[in-house]
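Notes follow the structure.
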Amino acid sequence: MTQQKTIPKQTNSHRQEYDVLIIGGGPAGCAAATVLAEIGHEVLVLEREKFPRYHVGESLLPFTYYPLERLGLLEKMRQSAFVKKYSVQFVSVSGKASQPFYFFTRYNQDVAQTWQVLRSEFDQMVMEHAREKGAAIKEEVTVTGLLREAGKITGVRAQGKDGSTMEYRAPITLDCSGKESFAAVRNQSRIKDPMLNKVAVWTYYRGAKRDEGIDAGATTVAFVPEKGWFWYIPQHNEMVSVGVVAEGKYLTRDGVKNPEEMFKREIEQNAWIKEHLAPGQQVGPYYVTNEFSFHSKYCATEGLLLAGDAFCFLDPVFSSGLMFALKSGVLAAEAVHAAFLANDFSPERFTEYGATLRLGIENMRKLVYAFYDENFSFRALTDKYPDLAGDVTDCLSGDVNKDFTRLFAAVAEFAEVPDVLPYGSPQVGSAETARV
């Protein structure tokens, strides 16, 4: 590094100064912390919970390989107990399964073999890796507000588990707070996706059926009526993550409100799911969440940069969440380092960062919209346009930052392709809206 480093110092009993503050110790936050700390920046991550902790979202796309490689995590992943994932398959409402799509038919083995992870273990691994690289991480510390001086975010206010309050300051703060989307919610700049207001109900099974051999770790998407679907994700220790996603009016039909009742009723809607769950035992609670697709209007404001789910959370049908979280954490760290080198933290510096993320998000979002369109199927698309099968595969595998103009022109013959949302640019001028 060419700039002189700021050594974190205790300015009083309640304030410390760092180069970078990160709100949230999940994959996005710890990915950013890893890259920045490895370069030599003094980084502080503030995490509300004590790890390991439960989190849903367990499947990695093939192109997660590249952020994992950048972070130096591939060897730890290879030595882990996580189930290897080579393919994805789709199951019709009748219960008929498609031929598995194997990633190695298009990609080399490094990219083609990915993993199904237990998030408590995976996120702990990513956090400990960030610590090994030199990041300071404080768990069970809740960020309660952003500090602002002269229209610029200058740090955060936080509270410890014991109720003590403290302030931390830095030239730049990264909001990696996940679906809580700390800054965007308080700025009233978090926007629901126009069409993706779905409900998810999920739980876990021990000893449920797995396909044989190389297919044992496959992700399965099994349809239920009205464009709803189950995910079926095998994990280690004989566990399976399984959940159903659909419109709320479908899942709550006939007045059903209880998540367990919703889930058990939907098992009867797909013979493949019913058969695979039959030998297993349900364990733990039934979880429910709704309206989980949203976008933050801005990627940055004065002194603040968003990454991971705090920037955007997209419908999980194609398992893009962890890939986007890790990728955005790496990209955010690289953009912040460039800002240090230039001694310029103006929001405009992060224009390209925001545009890069939005391009990938919009490409995946268009395929998600098509997936939910009654008139669309990937088979019909590729039967008519066989030469586009590779583009479909690339987008669904996480290679999202490329020109898919031809693909979406063809998709438009079957389904409505949504307009690009006008979000993701930096908020230029003032952080006055950050009233926290």
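The values are calculated or read from the model by the stated rules, or taken from the named source; none is laboratory data. Since the model is a prediction, treat every value here as computed from it, not as a measurement. Quick reminder, even Gly has a Cβ in these numbers, built from the backbone with ideal geometry, and neighbours come from all protein chains shown. Accessible surface areas use protein heavy atoms only, side chains included; no ligands, DNA or RNA. Shrake-Rupley method; radii C 1.70, N 1.55, O 1.52, S 1.80 Å.
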Checklist entry - In the stretch 99-122, is there at least one residue being basic (Lys, Arg), open to solvent by less than 40 Å² (accessible area, probe 1.4 Å) and farther than 24 Å from Thr393 by Cβ? => result yes
Item to check | Neighbours by Cβ (under 7 Å, 6+ apart or cross-chain): first from the stretch 338-366, under 18 Å from Pro422 (Cα atoms); second open to solvent by 30 Å² or more (accessible area, probe 1.4 Å) and of a type in the set (Phe, Trp, Tyr) | outcome: Arg358/Tyr423
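Which one is surrounded by the fewest Cβ atoms within 10 Å (Cβ to Cβ) among residues in the stretch 201-224 that are over 21 Å from the mean Cα position of the chain (by Cα) and assigned to a loop (DSSP other than H, G, I, E, B)?
First, the residues of the stretch 201-224 that are over 21 Å from the mean Cα position of the chain (by Cα): 205-216, 222-224.
Narrowing the set further to residues that are assigned to a loop (DSSP other than H, G, I, E, B) leaves 207-212.
Working: Gly207: 13, Ala208: 21, Lys209: 15, Arg210: 17, Asp211: 17, Glu212: 6.
Only one residue tops the list, namely Glu212.
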Item to check | When residues of the stretch 1-52 are limited to those that are among the hydroxyl-bearing types (Ser, Thr, Tyr) and touching an Asp or Glu at 6+ places or on another chain (Cβ under 6 Å), the one modelled with the lowest pLDDT | outcome: Thr6
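Here is a yes/no grid of residues against (1) under 26 Å from Phe63 (Cα atoms); (2) of a type in the set (D, E, K, R); (3) in a helix (DSSP H, G or I):
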position: Ala370; (1), (2), (3): yes, no, yes
position: Glu374; (1), (2), (3): no, yes, no
position: Leu381; (1), (2), (3): yes, no, yes
position: Gly390; (1), (2), (3): yes, no, yes
position: Asn401; (1), (2), (3): yes, no, no
position: Leu407; (1), (2), (3): yes, no, yes
Item to check | Hits in the stretch 122-179 (condition: among the acidic types (Asp, Glu), part of a strand (DSSP E or B) and either touching a strand residue (DSSP E or B) at 6+ places or on another chain (Cβ under 8 Å) or within 30 Å of Lys84 (Cβ to Cβ) (or both)) | outcome: Glu139, Glu167, Asp175
Checklist entry - With Lys198, Lys227 as the choices, which residue is surrounded by 23 or more Cβ atoms within 10 Å (Cβ to Cβ) and modelled with pLDDT under 95? => result Lys198
Item to check | Qualifying residues in the stretch 123-149 (those that are open to solvent by 30 Å² or more (accessible area, probe 1.4 Å) and hydrophobic (A, V, I, L, M, F, W, C)) - the one nearest to Ala325 (Cα to Cα) | outcome: Met125
Checklist entry - strands (runs of 3 or more DSSP E) wholly in the stretch 239-346 with at least 2 residues that are surrounded by fewer than 19 Cβ atoms within 10 Å (Cβ to Cβ) and modelled with pLDDT under 95 - which ones? => result 281-290
Next on the checklist: Looking at the stretch 324-347, can you tell me whether even one residue there is polar (S, T, N, Q) and within 14 Å of the chain's Cα centre (by Cα)?
Outcome noted: yes
Checklist outcome for this item: The number of residues in the stretch 184-204 that are β-branched (Val, Ile, Thr) and touching a Lys or Arg at 6+ places or on another chain (Cβ under 8 Å) is 1
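Any residue in the stretch 80-93 that is touching a His at 6+ places or on another chain (Cβ under 8 Å) and either surrounded by fewer than 20 Cβ atoms within 10 Å (Cβ to Cβ) or among the β-branched types (Val, Ile, Thr) (or both)?
Yes - at least one qualifying residue is present in the stretch 80-93.
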Checklist outcome for this item: Per the list (1) farther than 22 Å from Lys179 by Cα; (2) among the hydroxyl-bearing types (Ser, Thr, Tyr); (3) at pLDDT 95 or above; (4) open to solvent by less than 50 Å² (accessible area, probe 1.4 Å), residue check on Tyr66 breaks on (4)
